[in-house]
1. Hey, can you list the DSSP H helices of the chain whose Cα span along the axis is 24 Å or longer and whose average Kyte-Doolittle score is at least -1.0?
2. Rolling a 1.4 angstrom probe over the protein heavy atoms, how many square angstrom per residue are accessible across the stretch 35-116?
3. Helix-only estimate, please: 222 nm mean residue ellipticity of the chain, summing -39500 (n - 2.57) across DSSP H runs of length 4 or more and dividing by its residues, to the nearest 500.
4. With a cut-off of 8 Å between alpha carbons and a minimum separation of six or more residues, what is the relative contact order of the chain in percent?
5. Quick one: divide the alpha-carbon radius of gyration of the chain by 2.2 N^0.38 Å and tell me what you get.
6. May I ask you to give the percent of accessible area on the chain that is carbon plus sulfur, with a probe radius of 1.4 Å?
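The values are calculated or read from the model by the stated rules, or taken from the named source; none is laboratory data. Being a predicted model, the structure only gives us computed values, none of them experimental. Ligands, DNA and RNA are stripped out before the accessible areas are found, and what is left, the full protein with its side chains, is counted by its heavy atoms. Shrake-Rupley method; radii C 1.70, N 1.55, O 1.52, S 1.80 Å.
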Amino acid sequence: MLQRHDLYFFVCPPRHVAERAFGLLNGLELTPCPWRAAPMPAARLHITLEKLGQFRGAIPPDTVDKALAAANYVAFEPFDVAFDRVEYSGGVDGCGMAWLTGRSWGLRGIRGLEHTLAHAMLRAGFPESQIRTHFHPHVTLNYRHEPFDWCAVAPLAWRVNQFMLVDSWYGLGRHDLLGCWSLSPRQLPLPW
């Protein structure tokens, strides 16, 4: 069977934030569950901005070319993002995802970047049907977790200075970096 590849635009937290996020579920008093999966390793924590498709065997070169073109169209300033709650997103079998999310004040910048990227994808030739119609910024902490009520946590915040294009090898925990783009201030600092 051919390996499945998922193509994504990501934003990743810095290492110290990812390590704090990784430990969050262990610090909460949640009921143990026999079908709970291992938490996502800190090095793989991310925010998915856009999903560009699932592919068997390999990602078509023209799709990668369009994704690279879209990323090159993006002009966006660095911004701060903040997450301050852990939530459960239900699954059909009573087992869903545990994720880190936040309130609107900490998510304005990431929503703006996703919106800008969506327009850049359209400009690069991606069909409108492939662009997200709803964006709920979050960092997945565990893909299979028992239900729980949301919990407030001390804010995990960082400055977002870049985004990346990633080839995710489904089920193998492998992310190949295909490109990384820095966010740049629109106005250069004045010399005085």
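1. 104-124
2. Accessible surface, normalised per residue, equals 46 Å².
3. -7500 deg cm²/dmol
4. On the way: 375 pairs, mean separation 63.3, N = 192.
The normalised contact order for the chain reaches 33 percent.
5. Output field value: 1.08.
6. That share works out to 55 percent.
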